[in-house]
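These notes are about the structure you will find just below.
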Amino acid sequence: MPTLLVLGAAGQVGRALVEAGPEHGWIVRGLARDAIDICDANAVKAAVAATAPDAIVNATAYTAVDKAESDAELAQRVNGEAPGIIASAAAQAGIPFVHLSTDYVFDGASRVPYKEADPVGPLGVYGRTKRAGEIAAYKAGGRCVILRTSWVFAPWGSNFVRTMLHHAALKPELRVVDDQRGAPTPATDIAATILKILPRLAEDDGKSPTGLFHYQGRPPVTWAAFADAILDEAALLGHPRPPVVRIATADWPTPAARPASSVLDCARISRDYDITPPDWRPALARAVKELLAGVKAG
Ligand SMILES: NC(=O)c1ccc[n+]([C@@H]2O[C@H](COP(=O)([O-])OP(=O)(O)OC[C@H]3O[C@@H](n4cnc5c(N)ncnc54)[C@H](OP(=O)(O)O)[C@@H]3O)[C@@H](O)[C@H]2O)c1
């Protein structure tokens, strides 16, 4: 069986890949932060030498969007530079590489869904450093797919779903912004997509589509509508269901500005890889159930 090296194995997408890889015929070698610092080029080379993988996925990132504003140097090393280190190691080994990026590379002013070739305009450090990482990964020159995704959630890790469930148990109402539009994307669906792409990308025939792809759940919603969907699912399981009060971004100041619209056009991945992002709501129901079971157990 081929071996898949997953960097960021303890993150939302990383863990989903570690769990789903074997069902797709991969031996997965997952490395979390305690096992490797991806900013260390020698450590990355050593990990590739030790695992002799047939493909690499970079599921690491500095994902704390607000904290990145005051921690730009580290965000740049993790998001902007390390993807180039990993992509170079993959290119030298002659194996495919999948990297993840974000809707936050866009400024959010577009009224129509963003295509891969649309001009970027990141509003903050996170988006700027992730854009630098796209370029670094691409420049390494190997067989590389860069998936831009958005609003990732899972039954594990830090995410908006967990935050809403936590606050719902404590507060009489939840104030949530209703003028930022995007789409939630289950980490499990991202993992399934990567595992569908990899065998094609591994065919070293020079024909597998490479470069940037958009992949985002559907349908698009605002954060407030997402919060309502989360709390409706939770209420079915007996969790407290405070009302969601819709507010404007201006009423919820944060260190990092966020795009008003980050709806992505996913036609390219559908055309080139026959992958259509599914509705995120069934995965949300599973995530809410598992998170609440964890909350209750804990
Ligand atoms: N989360 C979202 O809403 C979202 C939206 C759009 C795109 N994305 C992109 O999707 C990808 C996966 O996101 P995710 O939500 O799964 O991220 P995540 O849950 O935050 O996981 C990222 C992992 O990377 C690890 N990491 C950070 N710096 C590292 C370093 N120097 N060396 C090794 N590991 C390091 C983190 O470890 P620690 O926890 O120990 O720091 C964490 O386990 C990322 O590329 C992200 O930019 C995410």
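The values are calculated or read from the model by the stated rules, or taken from the named source; none is laboratory data. No experiment lies behind these values; they were computed from the predicted model shown. Because the Cβ atoms are built from the backbone with ideal geometry, glycine has one as well, and the counts that use them run over all protein chains shown. Note: areas computed on protein heavy atoms with side chains; ligands, DNA, RNA excluded. Shrake-Rupley method; radii C 1.70, N 1.55, O 1.52, S 1.80 Å.
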(request) At most 16 other Cβ atoms within 10 Å plus a DSSP loop assignment makes a site exposed; report the longest stretch of the chain without any exposed GluC sites (Glu not before Pro). (result) 1-115
(message) Relative contact order for the chain: what percent, with Cα pairs under 8 Å and sequence separation of 6 or more?
(response) 20 percent
(request) For the chain, find the longest principal axis of its Cα atoms and tell me its angle to the long axis of helix 41-51, 0 to 90°, nearest 10. (result) 80 degrees
(request) Can you spot the lysines whose alpha carbon is less than 23 Å from residue 130's alpha carbon? Ignore those fewer than 8 places along the same chain. (result) 45, 67, 115, 139
(message) For 60, 102, give me the order by solvent-accessible area with a 1.4 Å probe, most accessible first, ignoring ligands, DNA and RNA.
(response) 60, 102
(message) With a 1.4 Å probe and all protein chains left in place, how much of the accessible area of the chain comes from carbon and sulfur atoms, in whole percent?
(response) 54 percent
(request) Could you tell me which of 46, 6, 135 has its Cα farthest along the dipole of segment 3-297 towards the positive end, charges placed at Cβ (Lys, Arg +1; Asp, Glu -1), taken about the Cα centre? (result) 6
(request) Measure nothing but the geometry: give the 0 to 90° angle between the long axis through the Cα atoms of 223-236 and the longest principal axis through the Cα atoms of the chain, rounded to 10°. (result) 80 degrees
(message) Once ligands and nucleic acids are excluded and a 1.4 Å probe is used, how much of residue 120 is accessible, expressed in Å² to the nearest 10?
(response) 60 Å²
(message) List the trypsin sites (Lys or Arg not before Pro) within segment 60-163 that DSSP assigns to loop and that have no more than 12 neighbouring Cβ atoms inside 10 Å.
(response) 111
(request) Put one equal scatterer on each alpha carbon of the chain, apply the Debye formula with no solvent term, and list log10 I(q)/I(0) at q = 0.09, 0.11, 0.14 1/Å to two decimals. (result) -0.42, -0.64, -1.04
(request) Round to a whole angstrom and tell me the spacing of the C-alpha centers of segment 258-286 and segment 213-246. (result) 16 Å
(message) With angles folded into 0 to 90 degrees, how steeply does helix 125-139 sit against the dominant principal axis of the chain? Use alpha carbons for both and round to 10.
(response) 20 degrees
(request) Report the accessible area of residue 266, computed with a 1.4 Å probe over the heavy atoms of all protein chains in place, in Å² rounded to the nearest 10. (result) 20 Å²
(message) Using the Cα centre of segment 3-297 as the reference point, and only Cβ charges (+1 on K/R, -1 on D/E), how large is the resulting charge dipole? Debye, rounded to the nearest 20.
(response) 200 debye
(message) From the phi angles alone, apply the Karplus equation (6.51, -1.76, 1.60; θ = phi - 60°) to segment 29-35 and give each ³J(HN,Hα) in whole Hz, x where the residue is Gly or Pro.
(response) 9, x, 10, 9, 4, 5, 9
